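Visitor: Input: one structure, supplied below.
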Amino acid sequence: MAGADLALLLLILAGIALRGGGMLVAGRLRPDHPLVRWATSVALATLAAFVAACVLAPGGALATIPFAARLAGLAVAIAALAWRGGLLLPLLTGLGVTLGLSAVM
């Protein structure tokens, strides 16, 4: 088994183990429990790292979009998130600005 295949398999197994552990303790923990706060923080940090990687060093079709358009889309999405909250409005506005600017540039 190649190194990349082994890494993918271990990642899948770790994800399954974490989901199983989460299901076992989900009903026993309060929403303000430190473990729940830690898991929420890790999830948000992972999402932030993924977004930063997509904006700063994109691959595939995203690499064809100019950096300024990606950065403007991210800024508008963050502003929409701060203004209204939720995820759908920031996602759609950020995507719209990114695609609109990339068409103009």
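Throughout, read-outs are computed from the coordinates displayed, never taken from laboratory work. All values derive from a computational prediction rather than experimental measurement. Note: ideal-geometry Cβ built from the backbone for every residue, glycine included; neighbour counts use all protein chains shown.
Visitor: By how many nm would the segment from Leu56 to Thr40 lengthen if fully extended, with 0.36 nm per residue of separation less the alpha-carbon distance?
Guide: Numbers: separation 16, 0.36 × 16 = 5.76 nm, distance 2.42 nm.
Between Leu56 and Thr40, full extension yields 3.3 nm more.
Visitor: In percent, how large is the relative contact order of the stretch 37-105, given Cα pairs closer than 8 Å and 6 or more residues apart?
Guide: 28 percent
Visitor: Quick check on the stretch 32-90: what are the equivalent-ellipsoid semi-axes from the Cα gyration tensor, as sqrt(5λ), descending, whole Å?
Guide: Rounded to whole Å, the semi-axes are 26, 16, 7.
Visitor: How compact is the stretch 1-76 by the rule of thumb for globular proteins, expressed as Cα Rg over 2.2 N^0.38 Å?
Guide: Its radius of gyration relative to the 2.2 N^0.38 Å reference: 1.54.
Visitor: Rounded to the nearest 0.05, what FRET efficiency is calculated for Arg19 and Leu88 with R0 set to 30 Å and r the Cβ-Cβ distance?
Guide: 0.75
Visitor: Gaussian network model of the chain, Cα springs within a sub-10 Å range: biggest mean-square fluctuation belongs to which of Arg70, Arg19, Arg30?
Guide: Per the Cα network of the chain with a 10 Å cutoff, Arg19 tops the list.
Visitor: May I pose another question? At 25 °C and 0.890 mPa s, what whole-number value in µm²/s does Stokes-Einstein give for the translational diffusion of the stretch 16-59, with Rh from the Kirkwood sum over Cα pairs? Walk me through the intermediate numbers first.
Guide: Details: Rh = 12.1 Å.
Rounded, D is 202 µm²/s.
Visitor: Considering the options Ala7, His33, Val76, tell which one lies farthest towards the positive end of the dipole of the chain, charges being +1 on Lys and Arg and -1 on Asp and Glu at the Cβ, about the Cα centre.
Guide: His33
Visitor: Treating only the Cβ of Lys, Arg, Asp and Glu as charged (+1, +1, -1, -1), what charge dipole size does the chain show about its Cα centre? Round to the nearest 20 debye.
Guide: Charge dipole, the chain, about its Cα centre: 300 debye, nearest 20.
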